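The values are calculated or read from the model by the stated rules, or taken from the named source; none is laboratory data. Since this is a predicted model, take the numbers as computed values, not measurements. Note that each Cβ is placed from the backbone with ideal geometry, even for glycine, and that neighbours are counted across all protein chains shown.
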Amino acid sequence: MIILGIDPGSRFTGFGVLLVEQDRETVIEFGVIRVGAASDQHLRLKNIYDGLTEVIERCMPDQCAIEMPVYGQNPQSMLKLGRAQAAAMLAALNRQIPVAQYTPKEVKKSVTGNGNASKRQVWYMVRSILDITGDDDGMGLDASDALAVGLCHSHRDAPRDAGGGYGNWAGFVRDNPGRVR
């Protein structure tokens, strides 16, 4: 299975594409869509949509996981992040790719074990989990966050309902008999 992870932003949208085979994740591609400082928010959204559409056409993901904006001090900033998230979701949904959403705390906890981890801690753990060595590969914090979203999705058994988590332990045990002792 191929998972596209997305960290939406109104100026920088990170993406990461993972190949998941058995219990192993391998990086196919990662990067950042830089929409720049264009004053027209509509053009920024189009750039996000177009950039992710190119990634989707190139990598053909089976699933998409996106980080959802859940907090912020500035309502205008939250509105812009929500719009960026919507543009990213539409790029996947228009190609019939299911989309799952995860909160920043869920993503951080999945990758680092700590829901309050810093971006630098996430960057470090993503590189460790995916066995990425060397600091000169150009992986910035936006791309590592996107890969973390993809890892979170992979660790949550992506083929099941892409809408969210289990309602109770019985559902988890039923779907994961080998993971319960």
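Put simply, of Ala162, Ala87 the only residue that is crowded, with 17+ Cβ neighbours inside 10 Å and either at pLDDT below 90 or in a helix (DSSP H, G or I) (or both) is Ala87. For the stretch 11-25, the set of residues classified as among the acidic types (Asp, Glu) and buried (at least 18 other Cβ atoms within 10 Å of the Cβ) consists of Glu25 only.
Quick test for you: out of Val149, Val173, Val122, pick the one residue that is part of a helix (DSSP H, G or I), under 21 Å from Arg11 (Cβ atoms) and at pLDDT below 95. Even if it seems obvious, please write down each step before you answer.
Working: Val149 fails: at pLDDT below 95; Val173 fails: under 21 Å from Arg11 (Cβ atoms).
Of the residues listed, the single one that is part of a helix (DSSP H, G or I), under 21 Å from Arg11 (Cβ atoms) and at pLDDT below 95 is Val122.
Against the numbered list (1) of a type in the set (A, V, I, L, M, F, W, C); (2) under 12 Å from the mean Cα position of the chain (by Cα); (3) modelled with pLDDT of 95 or more, Met68 comes up short only at (3). Taking the numbered list (1) surrounded by 19 or more Cβ atoms within 10 Å (Cβ to Cβ); (2) at pLDDT 95 or above; (3) among the hydrophobic types (A, V, I, L, M, F, W, C) in turn, Cys59 passes all entries but (1). So for the stretch 88-98 (the condition being under 26 Å from Arg127 (Cβ atoms) and without any contact (Cβ under 8 Å) to a residue 12 or more places away in the chain), does at least one residue qualify? There is no residue in the stretch 88-98 that is under 26 Å from Arg127 (Cβ atoms) and without any contact (Cβ under 8 Å) to a residue 12 or more places away in the chain. When each of Glu57, Glu29 is tested for being charged (D, E, K, R) and touching a strand residue (DSSP E or B) at 6+ places or on another chain (Cβ under 7 Å), the lone residue that passes is Glu29. In summary, Ile28 fulfils each of the numbered conditions (1) crowded, with 19+ Cβ neighbours inside 10 Å; (2) under 24 Å from Thr133 (Cα atoms) with the single exception of condition (1).
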